[in-house]
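Colleague: After the structure tokens below, expect a handful of questions from me.
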Amino acid sequence: MNTVLIKDTPWDTATFGIFTGELTEYSEAALRAAVARPGHYTLKVDPLVDRRLLHEYGFYYCDTLIEPWSGTADFRLFSSRPEVTITREVNLSGLLAICHGSFLHGRFHRDFNLPRASADLRYDNWLRQLYEQQCVYGLLWNKELAGFIAYSGNSLVLHALAETHRGRGLAKYWWSAVCAELLTAGHAEIKSSISAANVAVVNLYASLGFRFRNPVDVYHRLVK
């Protein structure tokens, strides 16, 4: 296995029960290395790249990711509402109940070659890891858990609302509070990575003054 061309992703290997890896470059050498070994592979490319080699080697499109970002000058803070608060003191089981099944826009859920249950487990495991690192904010509505935002450094890496709190115009207040805390902690900017197909989240970040950059198309390949 060429470890330069393909980076192992052991957390996904454990979840899906097969070898998983991410190609570190878009080249025929990397594609050839991938199809030579059974497993599941990810490749992220510029949306304008020539796709000929992707199709020749059996890679299929799964998602387009974009990066919302905002600095202090651009960030639009929404005034807090008394019913809307955030906390780091939150129970893991409550977080997992909201997380499980929430990420239908994720590339692993959209991959027809992967079981839905394993895709759900991947996000559950990721949340557990971030929780152990004390990098999760619980989002409360009238002191009851309504969602979460998990972060790594200055990146909001995983977030979801309970179904009963979606579509009510509340997310901007929770996101405002979390972003404000991270900016106050000294980060020059806040960023995330989201699916371009998740229009609700795209609109949420736009309402907070975030701009968008670094689009990438994500391709997968299952080699049997």
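The values are calculated or read from the model by the stated rules, or taken from the named source; none is laboratory data. In this text the structure is predicted, and so the values were computed from the model without any measurement. No Cβ is skipped: glycine too gets one built from the backbone with ideal geometry, and neighbour counts run over all protein chains shown. Surface accessibility is based on the protein's heavy atoms, side chains included, excluding ligands, DNA and RNA. Shrake-Rupley method; radii C 1.70, N 1.55, O 1.52, S 1.80 Å.
Colleague: To the nearest 20 debye, what is the magnitude of the charge dipole of segment 1-45 about its Cα centre, counting +1 on the Cβ of each Lys and Arg and -1 on the Cβ of each Asp and Glu?
Modeller: My answer is approximately 60 debye.
Colleague: Using helices alone, what [θ] at 222 nm do you get for the chain, with -39,500 (n - 2.57) per DSSP H run of 4 or more residues, divided over all residues and rounded to the nearest 500?
Modeller: -9000 deg cm²/dmol
Colleague: Any idea of the accessible area per residue across the chain, 1.4 Å probe, to the nearest Å²?
Modeller: 50
Colleague: Continuing with this model, one more query. Straight distance only, please: which lysines reach the Cα of Lys172 with their own Cα at less than 21 Å, same-chain residues fewer than 8 apart left out?
Modeller: Lys172 reaches Lys143, Lys191.
Colleague: Report the Cα centroid-to-centroid distance between segment 100-134 and segment 20-63 in angstrom, as an integer.
Modeller: 22
Colleague: Starting from the Kirkwood radius over alpha-carbon pairs of segment 96-191, derive D by Stokes-Einstein at 25 °C in a medium of 0.890 mPa s and give it in µm² s⁻¹.
Modeller: Translational diffusion coefficient: 172 µm²/s.
Colleague: Straight-line reach from Lys7: which aspartates and glutamates fall under 12 Å, measuring Cα to Cα and dropping same-chain residues less than 8 apart?
Modeller: Reachable aspartates and glutamates: Glu22, Glu25.
Colleague: Under a 1.4 angstrom probe, counting protein chains only, how are Val157, Val84 ranked by accessible area, largest first?
Modeller: Val157, Val84
Colleague: Further, regarding this structure: Long-range amide H contacts for His159: which residues qualify at under 5 Å (H placed 1.01 Å from N, peptide plane, sequence gap of 5 or more or a different chain)?
Modeller: HN-HN under 5 Å from His159: Ala150.
Colleague: Now for a separate question. Report, by chain and number, residues whose modeled amide H sits under 5 Å from the one on Gly147, excluding near sequence neighbours (fewer than 5 apart, same chain).
Modeller: Leu139, Ala162
Colleague: What is the antiparallel percent of DSSP beta bridges lying wholly in the chain, to the nearest 5?
Modeller: 90
Colleague: Here's a follow-up. Taking 8 Å as the Cα distance limit and 6 or more residues as the minimum spacing, I'd like the relative contact order of segment 1-138 as a percentage.
Modeller: 20
Colleague: What residues qualify as long-range amide H neighbours of Thr9, i.e. H under 5 Å apart, gap of 5 or more or another chain, H built at 1.01 Å from N?
Modeller: Thr20, Gly21, Glu22
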